[in-house]
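Taking it in order: structure first as structure tokens, then the write-up.
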Amino acid sequence: MEKELSERANAPRRVVVTGYGAVTPLGMNAAESWAAIMAYKPGYQYCDKSAAGIKSRFYGLIENEPVLKNVPAAIRRRLPRYARLTLASAQEAMKMAFGDEHPEQHYDLLDCGAIMGTGWAGQDETQVHYDDFLRTGMGSPFGCFFSMPSSATAAVSLLWGLRGYQNTTIAACATGTMAVGDAFELIRNGRAKMMLAGAGESLRSDSAVWNIDVLGALASEQEEITRACCPFSLDRNGFVLSEGAAVLCLEDRETALARGATILGEICGYGNFSDAFDFTAPAADKIARVQTIRHALDQAGIAASQLDYINAHGTSTPLNDLNETEAIKMALGDEVAYATPCSSTKSYTGHLIGAAGSFETIVCLQALAHQIMPATCNLNNPDPACDLDYIPNQHRPAQMKTTLNLSFGFGGANAALVISRGQ
């Protein structure tokens, strides 16, 4: 009996999602963002920055400032825009998970933590406030926090008094998925019982945009919006830079059920392997991407054939889309890969950079809830080499139980999550 109890105590915990929130160019919350996808409305628009020497013309911008209800000024005044977007997303996630209750009503706050990520943090505010200092001789005492990548993590921890595990993920375009995956591992292994995990990004200043544009990574399309972001298309020419944030509330399944929480889905597997190849280009051998996918499936305890839908990284860049197509085939085998529908919802949002993976995890949960696979928008001229079922232009109703979310970032970062309905 003692051995049985010990094995049960040490067994991996099941990890469920009980809340999520997002602020994106598609909407000020997760529901609005999903509705825009369902209505085939892109979140990006034409914006001419040529006066600043920037060639790219399309961006996903959020018009409004997020409403940070009940956030003390001592926290709010220290946050750059990416962190404000992140905190607003976290508030939505916590409201969905706990309603009007507080986590301490169900948990020891030492068992509750936060992992918030970002790719480039508060570059915009850092420059603006330094320029103000040079002009006026007066500088903001909060400038240090604007450039601190962990400012969003600190704010989330402070607001809810989460005194458990804290970390800040920085892995370029794979950041959000890694934040969720690392939080999943913590709960799965008994290190935490409840975690807030996600990421935010906001790069609006000319200097921040130029830094990426000069690499030739951003969309080169100058006029036609349908060609600005067209993943897996022969016309693809770079990614559309967007701002936004997305956060999920993860909990130990047994505790979540005991407190009467609504289970929105379950994180079942997580993969994370490195290309160790180049700062921007994906590895031609695709070994790390393949292993990332296979490890997530193995940890979830499912066969590749049990996947119903894949939310692809799908950046609309020439290198990634082809490499990703080939990696999926290698990881799943040709027969399963060709039979598994995939799509890129970046065709609606643009690229949220650090927040892309956490938002696309939410998209997978929404797809499972509504039993509909979102289409890849603007896929009017498919690349023959990107020949998987990328669900072109029309959403597809389907019976789904299990999805896979893929994220690949600069620096060779690769991450994958297996997400199920959580029955």
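Using a 10 Å cut-off on Cβ atoms, rank the peptides 409-416, 50-57, 146-153 from the highest mean neighbour count down. Don't skip to the end; give the middle numbers.
Values: 409-416: 24.6, 50-57: 15.0, 146-153: 23.1.
By packing density, highest mean first, the sequence is 409-416, 146-153, 50-57.
Quote the charge dipole size of segment 23-71 about the Cα centre in Debye, to the nearest 20; the model charges only the Cβ of Lys and Arg (+1) and of Asp and Glu (-1).
Computed about the Cα centre, the dipole is about 160 debye.
Distance between the C-alpha centers of segment 385-400 and segment 189-208? Whole Å please.
29
Quote the FRET efficiency, to the nearest 0.05, computed for residue 254 versus residue 280 with a Förster distance R0 of 60 Å and r equal to the Cβ-Cβ distance.
FRET efficiency, residue 254 to residue 280: 0.90.
Mind listing the phi-derived Karplus ³J(HN,Hα) values for segment 394-409, rounded to whole Hz, using 6.51, -1.76 and 1.60 with θ = phi - 60°, and x for any glycine or proline?
10, 4, 10, x, 6, 7, 10, 10, 9, 10, 10, 10, 10, 9, 10, x
Label segment 331-411 by shape, choosing from rounded, prolate and oblate, from the square roots a ≥ b ≥ c of the eigenvalues of the Cα gyration tensor; if a/c is under 1.5 it is rounded, and otherwise prolate applies when a/b is larger than b/c, oblate when it is not.
Judged from the Cα gyration tensor, segment 331-411 comes out rounded (a/c under 1.5).
About its Cα centre, how strong a charge dipole does the chain have in debye, to the nearest 20, once Lys and Arg get +1 and Asp and Glu get -1 at the Cβ?
Computed charge dipole of the chain: roughly 700 debye.
Express the carbon and sulfur contribution to the solvent-accessible surface of the chain as a percent, rounded to the nearest whole number, probe 1.4 angstrom.
With neighbouring chains kept in place, the figure for the chain is 52 percent.
Between rounded, prolate and oblate, where does segment 321-373 land on the alpha carbon gyration tensor, with a ≥ b ≥ c its root eigenvalues, rounded for a/c under 1.5, else prolate if a/b exceeds b/c?
Oblate shape, in that a/c is at least 1.5 and b/c is the bigger or equal ratio.
Using a/c under 1.5 as the rounded threshold, could you call the chain rounded, prolate or oblate? The axes a ≥ b ≥ c are square roots of the C-alpha gyration tensor eigenvalues, and prolate needs a/b larger than b/c, oblate otherwise.
On the way: a/c = 1.69, a/b = 1.05, b/c = 1.60.
Since a/c reaches 1.5 but b/c is at least a/b, the shape of the chain is classed as oblate.
Taking a probe of 1.4 Å, how large is the accessible area per residue of segment 81-222, in Å²?
Heavy-atom SASA per residue in segment 81-222 reads 40 Å².
From largest accessible area down, sort 49, 346; use a 1.4 Å probe on the protein chains.
Largest accessible area first, the residues go 49, 346.
Just going by the charge dipole of segment 172-303, with Lys and Arg at +1 and Asp and Glu at -1 on Cβ, which of 192, 216, 242 is farthest out on the positive end?
Positive-end residue among those listed: 192.
At 1.4 Å probe radius, can you tell me the per residue accessible area of segment 264-359 in Å²?
33
Could you work out how far apart the two model spin labels at residue 401 and residue 369 are, taking each label as a point 7 Å from the Cα in the direction of the beta carbon, and quote it in nm?
If labels sit at residue 401 and residue 369, their model points lie 2.2 nm apart.
Sorted by mean Cβ packing within 10 Å, highest first, what order do the peptides 256-265, 360-369 take?
Answer by packing, highest mean first, reads 360-369, 256-265.
Roughly what % of DSSP beta bridges within segment 300-423 run antiparallel, to the nearest 5? Spell out each step's value before the answer.
Details: 10 of 16 bridges.
Among the beta bridges of segment 300-423, antiparallel pairing accounts for roughly 60 percent.
Going by Cα centres, segment 327-378 and segment 125-184 are how many Å apart?
What the calculation gives is 28 Å, centre to centre.
Indicate, rounded to the nearest 5 percent, the antiparallel portion of the DSSP beta bridges found entirely in the chain.
Bridges in the chain are about 70 percent antiparallel.
Contour minus end-to-end for residue 158 and residue 61, with contour as 0.36 nm per residue of separation and end-to-end as the Cα-Cα distance?
32.1 nm
Net charge around residue 396, counting only other residues with Cβ within less than 13 Å of its Cβ (Lys, Arg = +1; Asp, Glu = -1)?
Net of charged neighbours comes to -2.
Summing +1 for each Lys or Arg and -1 for each Asp or Glu, what net charge is found among the other residues whose Cβ lies under 14 Å from the Cβ of residue 207?
Charge balance in the 14 Å sphere: -3.
The values are calculated or read from the model by the stated rules, or taken from the named source; none is laboratory data. Keep in mind that what you see is a predicted model, and the values were worked out from it rather than measured. Note that we place each Cβ from the backbone using ideal geometry, even for glycine, and neighbour counts take in every protein chain shown. Calculation scope for accessible area: heavy atoms of the full protein, side chains included, ligands and nucleic acids excluded. Shrake-Rupley method; radii C 1.70, N 1.55, O 1.52, S 1.80 Å.
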